[in-house]
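Each value in this text was obtained by applying a stated rule to the coordinates, not by laboratory testing. Treat the numbers as computed from the prediction; the structure is a model and nothing was measured. FYI the Cβ positions are ideal-geometry reconstructions off the backbone, even for glycines, and counts take in every protein chain you see.
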Amino acid sequence: MLDLVIRNGLVVNAGGTQRADIGVAGETIVQLGRDIAGATREIDAAGLYVMPGGVDVHTHLDLDLPGFQTAEDFRSGTVAAACGGTTTIVDFCQQRHGQSLREALDIWQAKAAGKAVTDYGFHIVVTDMNADVEKELAGLPAQGVTSFKLFMAYKDAQMVDDRTMLRTFDVARREGALVMVHAENGDAADYLIEKAVAAGNLSTFNHALTRPPRVESEATGRAIALAEMAGAPVYIVHLTCGDALDAVIAGRRRNVDVIAETCTHYLFGTQDDLARPDFEGAKWVLTPPLRTRKDQELLWQSLGNGTLSVVSSDDASWPFEGQKRQADFTRIPNGAPGIEERMIMTYQGVNRGHFNVNRFVEIVSTNPACLFGLAPKKGAVAVGADADIVLWDPEAETVITQSKLNHAVDFTLFEGQKVKGLPRCVVRRGEVIVENGRFCGATGGGRFIRRSRYRR
Ligand SMILES: [Zn+2]
């Protein structure tokens, strides 16, 4: 007898849509079709889309910076993720200066173990490169950590130089890893911030003025050039503007394997949000900064035409009260929440005609799963895949508001947005963990996923 059957739904994968029932045994999808026999539990999905669980490959849960701590830990953050339809996350494990990669990973494993309710993996953020770290890095793909992250910004903190980037790209090419790059020219941003401060320009809007599009696009072009020199693929995280898109397109024209991601907030906010009164603008301080309406339109188009491959949340849940509410823009921690809202907000692109529902599944689940070594277990509703399933109601409507969300942080960037299309029920490896929008699973049910090597 099967453990779970989902009947009467419309199965939506990146590659197509079909009317089919789904049979689950244990944690795995074992049947897809008609006339599936009875099961211990049956779910009627009439009128609903049956989609693979979301995969969010850009989160910062349980992160601390000097004086700041995110509101979400691995329990609250993954509960929020699950309530929004996401069943797997890949979080950034941060190497601190002087630390080995092993030490950093042990810390992150301890943060997640026994808490996470979605499955999870880690990218390693390389900040301190030396011969020992280089050797360690080469050994990580065999341990299921198949992506490395580099920051070209945040001078005197995570920022690395071009030599470190080349060394990392070299290891990635040899070992089958994907290098993710935060592309902003850290020296330029640092200099522009220093000038603004000297002139007494401390209001929140200066966050955008001190990190203009060229700060991002110059670094994007340079990251792609360095990847090209090493013969390695490169993944540009949180791309925001047309100028940076041009750099991606130019790289592809030279046959560089460039993949680019954008994040939910760039699809809805603009730099004008930074000027909101009563310190509200501080909520929108994230990096790279929000751009113009025109850039926003280009991002939606690029998700539709394939120039952009992934929408991630870049969830960094610094609370507004006590942390982000600051008068001086240089003191506001960069980042905003969005792990729960990501799929719902991105789905609005289907309603607005930017892409169809198959493409939606592709950019929030299938592409991130394939690029980061989670496929074929994740990212598709298919026989043999993990039973990570979202039942999505395309007709359900609501207004996003803080009190209705499940996250722990004290605000949402999408307050007041009218949305259509909501997750109703979420299954993670065969277990129903969200019903009627509420988490009903057990703390710690998520599992560390050893990801496979990058292949194109
Ligand atoms: Zn980030």
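Below are the figures for this structure:
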| quantity | calculated |
| --- | --- |
| Full-stretch length increase - R455, D161 - with 0.36 nm per residue and alpha-carbon distance subtracted | 103.2 nm |
| Kirkwood-based shape ratio for region 403-455, expressed as Rg/Rh from alpha carbons | 1.07 |
| The chain: angle of helix 213-230 to the longest principal axis, Cα-based, in degrees nearest 10 | 80 degrees |
| FRET E, pair K135, N201, Förster distance 35 Å, beta-carbon r, rounded to 0.05 | 0.15 |
| Sorted peptide list for 405-412, 139-146, criterion being average Cβ within 10 angstrom, highest first | 405-412, 139-146 |
| Antiparallel bridge percentage (DSSP; both residues within the chain; nearest 5) | 45 percent |
| Kirkwood Rh, Cα atoms: Rg over Rh of region 229-268 | 1.02 |
| Ellipticity estimate at 222 nm from DSSP helix runs (n ≥ 4, -39,500 (n - 2.57)) divided over the chain, nearest 500 | -8000 deg cm²/dmol |
| Per residue, the convex hull volume that the Cα atoms of region 176-277 enclose (Å³) | 98 Å³ |
| Angle between the chain longest axis and helix 186-198 axis [Cα atoms, degrees, rounded to 10] | 60 degrees |
| Ordering of 439-449, 183-193, 230-240 by burial proxy (mean other Cβ atoms within 10 Å per residue, highest first) | 230-240, 183-193, 439-449 |
| Packing rank of 19-31, 38-50, where each peptide gets the mean count of other beta carbons within 10 Å, highest leading | 19-31, 38-50 |
| Mean projection area, nm², convex hull over Cα of region 317-456 | 11.1 nm² |
| Cα pair distances exceeding 34 angstrom across the chain, given as percent | 28 percent |
| Cα pair count fraction exceeding 19 Å, expressed as % - region 37-156 | 55 percent |
| Region 78-206, relative contact order in percent, only Cα pairs under 8 angstrom and at least six apart counted | 21 percent |
| Inter-site label distance for A327 and N305 at 7 Å from Cα along Cβ, in nm | 4.6 nm |
| In the chain, lysine pairs with alpha-carbon atoms under 19 angstrom apart (chain gap of 8 or more, or interchain) | 6 |
| Inter-label distance, nm, simple model (7 Å from Cα along the C-beta direction), I107/D246 | 4.0 nm |
| Extension gain from E297 to D187, taking 0.36 nm per residue of separation minus the Cα-Cα distance | 36.7 nm |
| Taking region 53-371 and dividing mean pair separation by its residue count, relative contact order in percent (alpha carbons under 8 Å, at least six apart) | 19 percent |
| All Cα pairs of region 244-301, percent lying beyond 17 Å | 47 percent |
